[in-house]
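Peer 1: The structure follows.
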Amino acid sequence: MEPAAPAGQARAAASKLSEAMGAVLQDPRRQRRLVLVIVCVALFLDNMLYMVIVPIVPDYIAHMHKAGRPTTSPKVYTLQAPTPASGSDNMGNTSESPTESEDVKIGVLFASKAILQLLVNPLSGPFIDRMSYDVPLLIGLGVLFASTVLFAFAEDYAMLFAARSLQGLGSAFADTSGIAMIADKYPEEPERSRALGVALAFISFGSLVAPPFGGFLYWFAGKPVPFLVLAAVSLLDALLLLVVAKPFSAVTRARANLPVGTPIHRLMLDPYIAVVAGALTTCNIPLAFLEPTIATWMEHTMSASEWQTGMAWLPAFVPHVLGVYLTVRLAARYPHLQWLYGALGLVVIGASSCMVPACRSFAPLVISLCGLCFGIALVDTALLPTLAFLVDVRHVSVYGSVYAIADISYSVAYALGPIVAGHIVHSLGFVQLSLGMGLANLLYAPVLLLLRNVGLLRRSRSERDVLLDEPPQGLYDAVRLRERPVADPDGAPRSPSGPFDECEDVYNNYYTHS
């Protein structure tokens, strides 16, 4: 009889825990906070896996090429990927430097994730629109889990390439559906900007903490350990998603079938969305191109040590978070000026990129990189909520495809960076690369003036009130949100005037004939 008592106490405790969990999940506010935590962990994991290979893969590939020959202790790289096809002959110690063939392989390996992500996003966006957000997020976490396990046990370049490409597939689902889920669960400002800002902070934190995390565990515990740790976290996050969102329940499936989102090719033709997508690509090009090239440049120009090349990006986390916080606060007070915050961010990025080649010591370079990350935070935090708002007022409030477009914008930059940046440095020079990227951002900043009238658009909730019998809780509750009409002299409704008025007729006619 005595063993039955602990068993009964365990059942009672489990019952109380289940009741408490059920009470939490019945509260919409607490539920969406849990969803935000789940999405932030997924984004954190994806960026951890994106950058954790930086201190591991170059050394691992070098050791694979040296198989059968005496090798020295592993050389741990920090934060920076080697420059593809650039300057390996000038490194001094060729016995420890990757060969040109290894550089090319490493560059292709680093870019393969973004390339596959770029190819899959046009398909994952419509899939997310049809399946809701939780199922694609679960699929993405599952693929990321498989990719991480494959990384842990990969023993040749082909398996590493397959694992990296598989991560791109998982990211196309996890990143897009996660950001879209946040936009849906937080339909009102300033909560939406605040929630997306938290997600961006987790992305930044994951990217910056991953290299020292991976390098430390790789050095002291071996290659599989950092990947197995990340795999365990992704599995726990997927289980938490199953408990909180219940993606396969009858209620969730019924709610997922309510609206039909705007096709992704039509969203791409929206001139406002096109301007935002161009800004997201332009602002990320300096970061994507500097990451694989700046370490070699630092070694040549300021005789930087490996410790300095590894630490150059780490202080940038603080201004990135500061930029997110500042933009969220400004957006809450002046929401109609989101375009201005984005334009200011592009100017800061352009100026910082132009300053980088002028730096001849460690401290000024760190300040320039901090300015770069601060500007990126301004652009991302201002324009990601703008994409959701544009879908609300001009299309159907289903966010999978529009955030797939955003993911495509990021992927373009990060697919080109590891492959193209080194060749540009080799043919034109690092100074020309930095100045060109800075000039591109400065020239694009005035383009955001075309978004200045977006704040005049307003939502109409009449169809939500007609079609939905329950209060809004996110996940497609906003079935159709349109511009508030402004009457023409003949009584026909029209949108507020904007910079794209001349192309609106062509745009609307395309919709009509489609």
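Peer 1: If only one of Leu416, Leu449 is in a helix (DSSP H, G or I) and surrounded by fewer than 17 Cβ atoms within 10 Å (Cβ to Cβ), which one is it? Outline the logic, then answer.
Peer 2: Numbers: Leu416 fails: surrounded by fewer than 17 Cβ atoms within 10 Å (Cβ to Cβ).
The match here is Leu449.
Results for (1) hydrophobic (A, V, I, L, M, F, W, C); (2) at pLDDT 95 or above, shown as yes or no for each residue.
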position: Ser207; (1), (2): no, no
position: Gly214; (1), (2): no, no
position: Leu217; (1), (2): yes, no
position: Phe227; (1), (2): yes, no
position: Ala245; (1), (2): yes, no
position: Ala274; (1), (2): yes, yes
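Peer 1: Please state which one of Phe173, Phe161 is more than 14 Å from Leu384 (Cα to Cα), open to solvent by 50 Å² or more (accessible area, probe 1.4 Å) and of a type in the set (Phe, Trp, Tyr).
Peer 2: One residue alone meets the criteria, Phe161.
Peer 1: Restricting attention to segment 352-364, does a residue exist that is small (Gly, Ala, Ser), surrounded by 20 or more Cβ atoms within 10 Å (Cβ to Cβ) and in a helix (DSSP H, G or I)?
Peer 2: yes
Peer 1: Looking at Arg333, Arg266, Arg329 in this structure, which one is farther than 29 Å from Gly107 by Cβ, surrounded by fewer than 21 Cβ atoms within 10 Å (Cβ to Cβ), more than 22 Å from the chain's Cα centre (by Cα) and free of Cβ contacts under 8 Å to residues at least 12 places away in the same chain?
Peer 2: Arg333
Peer 1: While we're on this one: Exactly one of (1) at pLDDT below 85; (2) part of a helix (DSSP H, G or I) is unmet by Leu258. Its number?
Peer 2: Unmet for Leu258, out of (1) at pLDDT below 85; (2) part of a helix (DSSP H, G or I): (2).
Peer 1: While we're looking at this one, here's another question. Residues to consider are Val393, Val402, Val366, Val420; find the one that is farther than 30 Å from Ala174 by Cα and either touching a helix residue (DSSP H, G or I) at 6+ places or on another chain (Cβ under 9 Å) or free of Cβ contacts under 8 Å to residues at least 24 places away in the same chain (or both).
Peer 2: Selected residue: Val366, the only one of Val393, Val402, Val366, Val420 that is farther than 30 Å from Ala174 by Cα and either touching a helix residue (DSSP H, G or I) at 6+ places or on another chain (Cβ under 9 Å) or free of Cβ contacts under 8 Å to residues at least 24 places away in the same chain (or both).
Peer 1: How many residues, within segment 291-319, are open to solvent by less than 20 Å² (accessible area, probe 1.4 Å) and more than 29 Å from Leu451 (Cα to Cα)?
Peer 2: The total comes to 11.
Peer 1: Mind checking which residues of segment 183-207 are open to solvent by less than 20 Å² (accessible area, probe 1.4 Å) and under 13 Å from Thr381 (Cα atoms)?
Peer 2: Passing the criteria: Ala183, Arg192, Ser193, Ala195, Leu196, Gly197, Ala199, Leu200, Ser204.
Peer 1: If you check Leu314, Leu365, Leu322, which single one turns out to be of a type outside the set (S, T, N, Q) and over 19 Å from the mean Cα position of the chain (by Cα)?
Peer 2: Of the residues listed, the single one that is of a type outside the set (S, T, N, Q) and over 19 Å from the mean Cα position of the chain (by Cα) is Leu365.
Peer 1: Determine whether Arg130 is surrounded by 21 or more Cβ atoms within 10 Å (Cβ to Cβ), out of contact with any Cys (no Cβ under 7 Å at 6 or more places or on another chain) and of a type in the set (D, E, K, R).
Peer 2: no
Peer 1: Look at Ile139 and say whether it is surrounded by fewer than 24 Cβ atoms within 10 Å (Cβ to Cβ) and of a type in the set (Val, Ile, Thr).
Peer 2: yes
Peer 1: Here is a check on your reading of the model: is Ser177 modelled with pLDDT of 85 or more and under 21 Å from the mean Cα position of the chain (by Cα)?
Peer 2: When the stated conditions are applied, Ser177 passes them.
The values are calculated or read from the model by the stated rules, or taken from the named source; none is laboratory data. Being a predicted model, the structure only gives us computed values, none of them experimental. Using ideal geometry, Cβ is built from the backbone for each residue, glycine included, and neighbour counts are taken over all protein chains shown. In case anyone asks, the SASA skips ligands and DNA or RNA and just uses the protein heavy atoms, side chains included. Shrake-Rupley method; radii C 1.70, N 1.55, O 1.52, S 1.80 Å.
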